[in-house]
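J.: After the structure tokens below, expect a handful of questions from me.
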Amino acid sequence: MSELPAALGRVRPAVEHRLEEVLAGCRRRWEDLGRAVPEMLDTAGSVLNGGKRMRAVLGAVGCTLLSAPEHRAECLVGTGAVHLGAALELYQASALVHDDLMDGAETRRGLPAAHRAFARQHDAHGWLGRSQAFGVNGAILLGDILLSLAGEEMSALAQAHADSGSGDATVRRARAAFDAMTTEVALGQFLDVRGENLPLPWGQDPAAAAQRMHDNALSVVRHKSARYSVRYPLLIGALLAGLDPTSPTAGHLSVFGEEIGIAFQLRDDDLGVFGLPQVTGKPAGDDLREGKRTVLLALAWGRCDEADRELLGSVLANAEATQAQITEAAALIEDCGARSAHEEIVAFHRDAGRSALDRLRAEGVVSAASLDDLVALTDLLTHRNS
């Protein structure tokens, strides 16, 4: 695995500082509401803490794609890149809070998920009502607050561009892409939730059922995760830098972001079954307990016999599944060849992303330093263990 290029290492602390400013400003603005605000924002700070800030890094790289070499370092941590990075990280935190709630996840990055943190707060104070309901309500509202703060950061970005005399069209295009991203992720999230609740294809031709499951899973990957993880951050940053959205460069960049985003999420799906809890911060096999209809599951479904499919069905969406059952199902997925086939699909999308990167390089429009950054980020995003 490659390391994050040294120049990109400056992005994370700059965005961290901005996130601290955002939360501190929110505390000051609403301090007249008493203890409720720090209780909410303390949990927000916990949710925001510990992320790799890869979306912020990708956004910053997007901002440098068209810059001259002498301006690259300045662009990476410029006002626009930092506001964009903060907006992307606030939005991701919002999505994670709601995602954990819908999945019934217990932990996130080794800490209690937001809804569990609020429930514990309720228990610790001995408040009236049910702590679980309080946790659910708190997490919904926290996700909404983080989404609102992300929107405010995009507005702050627009104001910063206006103050610098930059063109309004670039900001409008960037904001439109950001808004499209948030809408698409919500729809992708519903596709995921809906898929988890559909009946398993018992009694159907296994090969045909597995192919439908595979196609549906890839649709979820594209719309819920791949595009907002890689494609949109890069594209929004590039639009801020003045990239013409109708240009071949924008097309190649979009293909690169989408293909690497798919490989990134497929790697995440592998970790959801085979990842080490001490590294991922989540229990092993959580995706199976939550009933995720992933590409990995589709591959296993088509390769198993009836008895093995019964085993898979017994753990999917079963919160009571024991660790022994989860371990047995994971071993089945590996032994039937699904995991190795899944790895080949990851490699296919990674290679498709690299081909798009080659086309970008051949164009000669994007700076060489930014292309080198994208090469390193490709490796980081698709070869990982957390």
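The values are calculated or read from the model by the stated rules, or taken from the named source; none is laboratory data. What you are looking at is a predicted structure, and each value in this text was computed from that prediction instead of being measured. All Cβ positions, glycine included, derive from the backbone under ideal geometry; neighbour counts span all protein chains shown.
J.: Kindly provide the set of residues from the stretch 221-237 that are under 17 Å from THR378 (Cβ atoms) and free of Cβ contacts under 8 Å to residues at least 40 places away in the same chain, ordered by number.
T.: Once the filter is applied, which keeps residues that are under 17 Å from THR378 (Cβ atoms) and free of Cβ contacts under 8 Å to residues at least 40 places away in the same chain, the stretch 221-237 yields ALA226, ARG231.
J.: To continue, here is another question. For residues that are in a loop (DSSP other than H, G, I, E, B) and under 18 Å from GLY51 (Cα atoms), scanning just the stretch 106-161, find the one that is modelled with the highest pLDDT.
T.: To start, the set of residues in the stretch 106-161 that are in a loop (DSSP other than H, G, I, E, B) comprises 106, 109-110, 113, 126-130.
If we keep only those that are under 18 Å from GLY51 (Cα atoms) too, we end up with 106, 109-110, 113.
Values: GLU106: 90, ARG109: 85, GLY110: 83, ALA113: 95.
The selected residue is ALA113.
J.: Okay, next question. Specify which of the listed residues (GLU310, GLU343, GLU290) is within 23 Å of PRO199 (Cα to Cα), surrounded by fewer than 15 Cβ atoms within 10 Å (Cβ to Cβ) and either acidic (Asp, Glu) or touching a Leu at 6+ places or on another chain (Cβ under 7 Å) (or both).
T.: Working: GLU343 fails: within 23 Å of PRO199 (Cα to Cα); GLU290 fails: surrounded by fewer than 15 Cβ atoms within 10 Å (Cβ to Cβ).
Exactly one residue qualifies, and that residue is GLU310.
J.: Can you find a residue that is surrounded by fewer than 18 Cβ atoms within 10 Å (Cβ to Cβ) and modelled with pLDDT under 95 anywhere in the stretch 243-255?
T.: Within the stretch 243-255 (the criterion being surrounded by fewer than 18 Cβ atoms within 10 Å (Cβ to Cβ) and modelled with pLDDT under 95), the answer is no, since none of the residues qualifies.
J.: Something else about it: Would you please list the contacts, defined by Cβ atoms under 8 Å and residues six or more apart or on different chains, that run from a residue in the stretch 189-215 that is in contact (Cβ under 8 Å) with a residue 24 or more places away in the chain and farther than 13 Å from ALA300 by Cβ to a residue that is acidic (Asp, Glu) and buried (at least 17 other Cβ atoms within 10 Å of the Cβ)?
T.: These pairs meet every condition: GLN189/ASP99; GLU196/GLU290.
J.: Is there a residue in the stretch 1-14 that is assigned to a helix (DSSP H, G or I), farther than 30 Å from ARG350 by Cβ and at pLDDT 95 or above?
T.: Within the stretch 1-14, the first condition is being assigned to a helix (DSSP H, G or I), and the residues that meet it are 6-14.
When the remaining residues are screened for being farther than 30 Å from ARG350 by Cβ, the result is none.
Among the residues of the stretch 1-14, not one is assigned to a helix (DSSP H, G or I), farther than 30 Å from ARG350 by Cβ and at pLDDT 95 or above, which makes the answer no.
J.: Out of GLU306, GLU363, GLU344, I need the residue that is touching a residue at least 12 places away in the same chain (Cβ under 8 Å) and either of a type outside the set (Gly, Ala, Ser) or out of contact with any Pro (no Cβ under 6 Å at 6 or more places or on another chain) (or both). Which one?
T.: Working: GLU306 fails: touching a residue at least 12 places away in the same chain (Cβ under 8 Å); GLU344 fails: touching a residue at least 12 places away in the same chain (Cβ under 8 Å).
Result of the check over GLU306, GLU363, GLU344: GLU363.
J.: Of everything in the stretch 313-327, what is surrounded by fewer than 18 Cβ atoms within 10 Å (Cβ to Cβ) and of a type outside the set (Gly, Ala, Ser)? Give them in sequence order. Full working, then the answer.
T.: Kept after step one, since they are surrounded by fewer than 18 Cβ atoms within 10 Å (Cβ to Cβ), are these residues of the stretch 313-327: 313-314, 317-325, 327.
Once the filter is applied, which keeps residues that are surrounded by fewer than 18 Cβ atoms within 10 Å (Cβ to Cβ) and of a type outside the set (Gly, Ala, Ser), the stretch 313-327 yields ASN318, GLU320, THR322, GLN323, GLN325, THR327.
J.: So which residues in the stretch 330-348 are under 18 Å from LEU271 (Cβ atoms) and in contact with an Asp or Glu (Cβ under 9 Å, 6 or more places away or on another chain)?
T.: Hits for the stretch 330-348 are LEU332, ARG339, SER340, HIS342, GLU343, VAL346.
J.: For SER386, work out the one condition from (1) in contact with a Leu (Cβ under 8 Å, 6 or more places away or on another chain); (2) at pLDDT below 95; (3) in a helix (DSSP H, G or I) it doesn't fulfil.
T.: Against the list (1) in contact with a Leu (Cβ under 8 Å, 6 or more places away or on another chain); (2) at pLDDT below 95; (3) in a helix (DSSP H, G or I), SER386 comes up short only on (3).
J.: Sticking with this structure for a sec: For the stretch 26-39, check the following and say yes or no: at least one residue is part of a helix (DSSP H, G or I), touching a residue at least 12 places away in the same chain (Cβ under 8 Å), among the acidic types (Asp, Glu) and surrounded by fewer than 20 Cβ atoms within 10 Å (Cβ to Cβ).
T.: Of all residues in the stretch 26-39, those part of a helix (DSSP H, G or I) come to 26-29, 31-33, 36-39.
Pick out the ones that are also touching a residue at least 12 places away in the same chain (Cβ under 8 Å) and you get 26-27, 39.
Subsequent filtering for residues that are among the acidic types (Asp, Glu) retains 39.
Within this subset, residues satisfying the condition of being surrounded by fewer than 20 Cβ atoms within 10 Å (Cβ to Cβ) are 39.
Yes: the stretch 26-39 contains one or more residues that are part of a helix (DSSP H, G or I), touching a residue at least 12 places away in the same chain (Cβ under 8 Å), among the acidic types (Asp, Glu) and surrounded by fewer than 20 Cβ atoms within 10 Å (Cβ to Cβ).
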